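Engineer: So that we are looking at the same thing, I have put the structure below in structure tokens.
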Amino acid sequence: MQGLRWERVQELFHGALELPASERDAYLAMRCTDDPSLIPEVSALLAEDSQRFAMLDEGVAGVAEALLEPRAALAGKSIGPYRIVRLLGEGGMGVVYLAERADLARHVAIKVLRDAGLSPARRALFTAEQRTLAQLIHPSITRLYDADVTPDGTPYIVMEFIEGESLTGYCERRACNLESRLKLFRAVCEAVQYAHQHAVIHRDLKPSNIVVRADGSVSLLDFGIAKHVEDLAGPASQTRTTLRLMTPLYAAPEQLTGGVVGVQTDVYALGVILYQLLTGRTPFEVAGLTPLQVERVVTKGAPMRPSVHGRAYLGDHGHAASWPELDVLSLKALHRDPAERYGSVEALIRDLEHYGRHEPLDARPESFAYRARMYFGRHRLSTSAVAAALLLALALGTFFTWRLENEHAAALKQAARAQRIQTFVTSLIQGGDADAGPAESLKVITLLDRGAQEAAGLKADPLIQADMYETLGTLYQNLGSLDRADSLLTAALQLRREHSQAGQPTMIVSLDALALLRLAQGKLPEAESLAREALRIAQADQSSPEHSRALVTMGRVQAERGHYEEAIGTLKEALAHNSTARASELDLIASLRALGAAEYSAGKYDASHADYERLLALDRKLHGANHPAVADDLESLSSIQQDLGYYAAAEAFARDGLAIVTTYYGADHPKTAGALTILGRSLLYEKKYDQAVDALQRALAIEQRDFGPVHASVADTLNELGNVASLRGDYVGAQQSFQRVADIYRSIYSDQHYLVAIALSNVAYAKLNLKDYAAAEAGFRDVVQRFTQALGKENINTGIAQIKLGRVLLRERHFAEAEEQTHAGYDNLSRQSNPGISFLQAARTDLTAEYGALGNTQLAQHYRTELAANRDAH
């Protein structure tokens, strides 16, 4: 239904609504004598409206009971694990509350669907909003944490709580200047563009759905009537339920007339918002008008140029404005015809950038005079200096001619080096036969073995040989062949020491490569020694990329050793360097990824989440939306949400990552197996045990087929299968899985590797649950010693193991020794962790029992009080 026909249906619909239900059929028959086919369409709208608002038939008392009382009564009550604090607001779809989750000390916003039982259409829209929020991961879009239903079947979603004020309210209260307003608007546009890139159209953009935090960052709310692009091609009836939910002042004409809705619909709403930011008013005055009159004004009228009101509204704050350009930009976005608007939000952003740089707008018609005016306005200083520049160019030409002659020899040498490397690579692929191409069955490991043989013959040029050893060694390491990597990277470093000048950047690269290998081998002291040597050399030029890369390596080593605060400081320094214009995006990504991992290990989940969100945006920009690096970021976000207890969000991230990896590599690839393991981990915490086991068994089959029975990936999957068994109460099965994990790590790394200690800790925990206390005690004593030797006595893992050992000793009624171990672990974690984490609460519980058994009632009461205080606070 398009144009005039839809407008007629709307007029009939609103007219019928004003009549009693018994008179509507006669009204329609009288009004539709010229076109009876309109009657069923209007009747369908009336029937749906009646179904959605059937509660009105209950009378005033029924309405009050159904609508008002539940909202008032919910304050102080709980929905799932969340306690309602207060009402935040109401929208067309639901009621939004501020709530807190006690065990995580986190405030959230809970949106509860209104009249869920009476409107299947609203329930469908609400479910669609869940799916939409789950897939949109952007710093300026509200995050979805969880979703469920109340005991009476009412759906609710748990979202990030954004503290701030509406976009226009923020600008008014702070009297923001033009530049600040356009900066905020640009951030909103980028969030909408991101949604469009994921095929989601918001359809209800307005200032009240845009919150500005105190730090000036924006967040886009309420995707309640958002729509996927592929869904927009459906029949008109699919979108009728949104008729009453949109806001007419910000709705595009095609939304009001039943036309085709697309990305230009959101462009129009952005145009209204921009107009409001520039003028303090909306493009059309509609106060006191009926809905039908509002539709006519919006679809038929033309807004005044923003400059008419904007000059007076912004006053001194708008003195730098080029109003003719802002008029063109705003009115282009607000055009009544979608085809005449900006074709995308990206196009709108591009013209905002042109405006900021005093460049010609794409929305302007081509003309030499216009573009010349913009050019000379942009380059006043440079055009006045043209003559001086020409004279300078003549002088510089003479200088560079002399310089190029001196550099010619160096260029020839570099070209010869490049030719040597090209010949080397060709020989790897062809196997020495110049007439042969690479065999289709050529495996990567075969290629590397051949490369190692070829590189051994490069003794005449030791620095090229070192380059090759370094590259091949890193590739071997990525394939899990640590012994081969070791021999090549050690040889590369030795060649650098013998043949490079002191302080050469290539020396830093070799030291870093070997340090990262030692990290993978679990040889942490040696890794730190190599990383420190690389960083010491790199200090000579702190603006170099080698310096920032050495910082990243050092930070990764520090984090692996459990020195999280030091690691975070080091990695923030690297990130600051890599955030400058001179740094490459790849270096920025590497530092951000390492920082996010360190903050995650330190339990700083909010900071880590922010890093990975930024990383996700960078990887999508650099690689596209369906690249494995994007999947890695999604999997990391899944792990964070899982540790925070937001299991539905964790599963959503994991499934998105799995979809990317499966598409990229295929269903039977080791990378797909890794993604299946992460999905299995999220499912087991949702107690979806059968689904978790299915995903994990599929992953294990792929990994054992490709890697054999002894591999780190196999161990990772077995560990999760052990966790499933443990959660199901199958501690015998759990013990078997964990023991196999320990054996694999021992074979790959060494008996003293900290991963072996983690696996053995899980074995001991299974024995504890089997009430084999003697074996559990021996296991945890061994684990404490292993962690102390590998990571140090101050490491968090060491403290956790001591708490677990104390619990075993408590079960054995060895109260004095139990208190000693529990208190040591408690002191360790208290210095480094959030006071409400579960391990500290477990330690307080055990200390209360231990001091009580020892007759020290004062200390027992102390820890009992501390336990209660942290339970109440968190």
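The values are calculated or read from the model by the stated rules, or taken from the named source; none is laboratory data. Keep in mind the model is a prediction, meaning the values are calculated, not measured. Don't worry about glycine lacking a Cβ; one is built from the backbone with ideal geometry, like all the others, and counts go over all protein chains shown. Areas reflect the complete protein model, heavy atoms only, side chains present, ligands, DNA and RNA absent. Shrake-Rupley method; radii C 1.70, N 1.55, O 1.52, S 1.80 Å.
Engineer: As an exercise, identify the trypsin sites (Lys or Arg not before Pro) in the stretch 598-682 lying in DSSP coil whose Cβ has no more than 13 other Cβ atoms within 10 Å.
Structural biologist: Filter output for the stretch 598-682: empty list.
Engineer: Enter the accessible area of Met304 (Å², nearest 10), with the probe set to 1.4 Å and all protein chains included.
Structural biologist: Only protein atoms counted, so the area is about 100 Å².
Engineer: Any idea what the relative contact order of the stretch 647-766 is, in percent, if you count C-alpha pairs under 8 Å spaced at least 6 apart?
Structural biologist: Relative contact order here is 18 percent.
Engineer: Scan the stretch 746-781 for trypsin sites (Lys or Arg not before Pro) in coil per DSSP, keeping those whose Cβ has at most 14 other Cβ atoms within 10 Å, and list them by number.
Structural biologist: Lys771
Engineer: For the peptides 274-281, 215-222, 553-560, what is the packing order when you average, over each peptide's residues, the other Cβ atoms within 10 Å and list the highest mean first?
Structural biologist: The peptides rank, most packed first, as 553-560, 274-281, 215-222.
Engineer: P(r) of the stretch 171-222 in 5 Å steps, Cα pairs, percent per bin?
Structural biologist: 4, 18, 30, 25, 13, 7, 2, 0
Engineer: While we're here: Is the shape of the stretch 485-626 best called rounded, prolate or oblate, per the rule: a/c under 1.5 gives rounded, else a/b larger than b/c gives prolate, else oblate, with a ≥ b ≥ c the square roots of the Cα gyration tensor eigenvalues?
Structural biologist: prolate
Engineer: According to the square roots a ≥ b ≥ c of the eigenvalues of the Cα gyration tensor, what is the shape class of the stretch 579-729, taking rounded for a/c under 1.5, prolate for a/b larger than b/c otherwise, and oblate for the remainder?
Structural biologist: prolate
Engineer: Take every Cα pair under 8 Å in the stretch 746-874 that's 6+ residues apart, average their separations, divide by the length, and report that relative contact order as a whole percent.
Structural biologist: So the answer I get is 17 percent.
Engineer: May I pose another question? Restricting to Cα pairs below 8 Å that are 6+ residues apart, what does the relative contact order work out to for the stretch 569-702? Please round to a whole percent.
Structural biologist: RCO, the stretch 569-702: 15 percent.
Engineer: Hey, another quick one. Checking the a/c ratio against 1.5 first, then a/b against b/c, what shape does the Cα gyration tensor give for the stretch 576-630?
Structural biologist: oblate
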